[in-house]
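Have a look at the structure below before the remarks.
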Amino acid sequence: MVRSSFENICIFHILDGLRDGLSHFSDGARAALIYATDPAGPLRVYDPQDLLRGHEPKLLDFYLESENWRGPLPEGPEVDFLRPEHLKQLQMAGLLAFGGRSRSVPYQVWFTEEHPTMCSTGPTLHWMEYATRLFSQNYELQNVLNIDTSGYVLQQCASHAIRDYIVDERANMGKWDTQLRVYPILDAVIGVSKTMEEGCWPRGELVFVEPNEQYQLNYLALFPDNDRPEIHNFKRVRKLLQSVEGSERKLVSDGRNIVGIAVGTVPDSCIVARYHGSHGFLLLNGLLVCSFSEGNFSSSNRKANLVELEELFVDSRLNLSEQHSLKNIVTALVDSSTEKRHGCTLVLDFAPAPERMSGQYLVHPLDLRLGRFLELAKALSKIDGALHIGADLKLHGFGCLLDGHSVPGENLARGARYNSALRYTAQHDSAIVVVVSSDRPVSIIQGGIELTAACALKTLRGCPTPPILKDWLNG
């Protein structure tokens, strides 16, 4: 009974810490665990927020219809992480999995959500690696005093997960004997991102290159060895970043100091920070690692998730080519609005003849498949009111006001733009409205209902005994 009680408390705190940490990194996340603490005992599942619901057939086939999940335990106290081929058999749509085996916990697999807007899954998988280690260590020690600490550790792992992912990826490139220290680099990236200069946020590219490769770059300006700004002098680095703003020039650092200003290509192993004003991106080998804004790292690529909109297009009278074009048009308008941090509303009118609203209409509607007209539409989206886009993929009007009667589900906290869209779509079945708030949330509304609304996640309470997986699947 004592061991079972400790098991429940241990799992509760580690999963809650993992979920809380990932929720801040990925803007809301759930977590679940399938495990066995006895080599001959049954598998149990802890899924307090129903992350695994809907995947029962896959779990049934993998865990109950075969014994493929079983395997030898490591001889020492270390954790033997599950091989990629094992985890590949557990691939389920929208989920990430990571786990391992140890003498204390013979089998464990942690699951979390794979958001469609993730820059990279690497940092999240490293986060789950920490959970795997902590569960094994805590269950081995059976020390209640350590459990709270483990939960707190998992809540604050963003920089550690990003650092470990970058180190592993650079090691795969052959950078074992490296002089780049990733933690100071991450501190500098965030520090510069929070430093304004003459009322403006930073823009431009800051490249961190291996010291023994720094002279391979094409420098326009090179600073003397004894007078190179240190990267932790955020204010000075921020000032220098102005020299590369709005250009192909790059500010170059050896990981400790600013070396100079260069142009052209850089080695693949370089860590690159791209500043876009109030936010930015961290890249390695030309690929996104994560984004950052307001002093925090995030897994988001800051692109709007328009999956629900694509599904609605399938039911429209548009052919596949028109659906693809309309998706690109909406994506371009939404990205422009979020990038420039102004809200906008798009009315997608699928009626045979677009219904006129109160607003400014055009003698000749603009074909938004043409770049010059799409750029004009981006500018017009700044004007109060909605853009009226017809099924012909043309902009018919702008500055349009959405009228309608009050409907259930209105949210005064969301403002007039959002609630007007609810009212308008409730009375116009042929319309879909996309609302972009100035603080980046994107809402897709049809029939007076927000299709992108997320239900509040269940709060984790208490430390219930996780059910046996077989019973959970049958229940």
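The values are calculated or read from the model by the stated rules, or taken from the named source; none is laboratory data. Quick caveat: nothing in here was measured; it's all calculated off a predicted structure. Quick reminder, even Gly has a Cβ in these numbers, built from the backbone with ideal geometry, and neighbours come from all protein chains shown.
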When residue 286 is evaluated against the numbered criteria (1) surrounded by fewer than 21 Cβ atoms within 10 Å (Cβ to Cβ); (2) among the small types (Gly, Ala, Ser); (3) over 29 Å from the mean Cα position of the chain (by Cα), which criterion, by number, is the only one it fails? (3)
Filter result for residue 192 (out of contact with any Ser or Thr (no Cβ under 9 Å at 6 or more places or on another chain), outside the structural domain of residue 121 (by TED's automatic domain parsing) and either in contact (Cβ under 8 Å) with a residue 24 or more places away in the chain or acidic (Asp, Glu) (or both)): yes
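Is it fair to say residue 275 is aromatic (Phe, Trp, Tyr), part of a strand (DSSP E or B) and under 29 Å from residue 122 (Cα atoms)? First the steps, then the outcome.
Working: aromatic (Phe, Trp, Tyr): yes; part of a strand (DSSP E or B): yes; under 29 Å from residue 122 (Cα atoms): yes.
Spelling it out, residue 275 is indeed aromatic (Phe, Trp, Tyr), part of a strand (DSSP E or B) and under 29 Å from residue 122 (Cα atoms).
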Every residue from the range 306-321 that is of a type in the set (A, V, I, L, M) and without any contact (Cβ under 8 Å) to a residue 24 or more places away in the chain: 314, 320
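Given the residues 65, 113, which is the only one that is touching a Lys or Arg at 6+ places or on another chain (Cβ under 8 Å) and among the acidic types (Asp, Glu)? Steps first, please.
On the way: 65 fails: touching a Lys or Arg at 6+ places or on another chain (Cβ under 8 Å).
The match here is 113.
Among the residues of the range 219-240, are any closer than 22 Å to residue 158 by Cα, part of a helix (DSSP H, G or I) and either out of contact with any strand residue (DSSP E or B) (no Cβ under 7 Å at 6 or more places or on another chain) or polar (S, T, N, Q) (or both)?
The initial filter retains those residues of the range 219-240 that are closer than 22 Å to residue 158 by Cα, namely 231-232, 234.
Among the residues that remain, those that are also part of a helix (DSSP H, G or I) are: 234.
Add one more test, that the residue is either out of contact with any strand residue (DSSP E or B) (no Cβ under 7 Å at 6 or more places or on another chain) or polar (S, T, N, Q) (or both), and what stays is 234.
Yes.
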Residue list for the range 34-50, filter: part of a loop (DSSP other than H, G, I, E, B), in contact with a Leu (Cβ under 9 Å, 6 or more places away or on another chain) and under 16 Å from residue 14 (Cα atoms): 47, 48, 49
Which members of the range 78-105 meet the condition of being more than 22 Å from the chain's Cα centre (by Cα) and either part of a strand (DSSP E or B) or surrounded by fewer than 20 Cβ atoms within 10 Å (Cβ to Cβ) (or both)? 78, 80, 81, 83, 84, 85, 86, 89, 100, 101, 103, 104
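Rundown of residues vs (1) among the charged types (D, E, K, R); (2) over 22 Å from the mean Cα position of the chain (by Cα); (3) not assigned by TED's automatic domain parsing to the domain that holds residue 11, yes/no style:
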| position | (1), (2), (3) |
| --- | --- |
| 119 | no, no, no |
| 126 | no, no, no |
| 130 | no, no, no |
| 133 | yes, yes, no |
| 137 | no, yes, no |
| 145 | no, yes, no |
| 148 | yes, yes, no |
| 152 | no, no, no |
| 155 | no, no, no |
Filter the range 176-189 for residues that are of a type in the set (A, V, I, L, M, F, W, C) and assigned to a loop (DSSP other than H, G, I, E, B); which is modelled with the lowest pLDDT? 176
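Could you tell me whether any residue of the range 418-436 is acidic (Asp, Glu) and either in a helix (DSSP H, G or I) or within 29 Å of the chain's Cα centre (by Cα) (or both)?
Residues of the range 418-436 acidic (Asp, Glu): 429.
Checking the rest, the ones that are also either in a helix (DSSP H, G or I) or within 29 Å of the chain's Cα centre (by Cα) (or both) come to none.
No: the range 418-436 contains no residue that is acidic (Asp, Glu) and either in a helix (DSSP H, G or I) or within 29 Å of the chain's Cα centre (by Cα) (or both).
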Pairs only if they're at least six apart or on different chains, beta carbon under 8 angstrom, first in the range 409-428 and closer than 12 Å to residue 446 by Cα, second at pLDDT below 75 and of a type in the set (Gly, Ala, Ser); list them, first residue then second. 422/409
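Only one of 321, 299 is modelled with pLDDT of 90 or more, out of contact with any strand residue (DSSP E or B) (no Cβ under 9 Å at 6 or more places or on another chain) and hydroxyl-bearing (Ser, Thr, Tyr). Can you tell me which?
On the way: 299 fails: out of contact with any strand residue (DSSP E or B) (no Cβ under 9 Å at 6 or more places or on another chain).
So the residue among 321, 299 that is modelled with pLDDT of 90 or more, out of contact with any strand residue (DSSP E or B) (no Cβ under 9 Å at 6 or more places or on another chain) and hydroxyl-bearing (Ser, Thr, Tyr) is 321.
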Could you figure out which of (1) under 21 Å from residue 44 (Cα atoms); (2) modelled with pLDDT under 95; (3) out of contact with any His (no Cβ under 8 Å at 6 or more places or on another chain) isn't true of residue 173? (1)
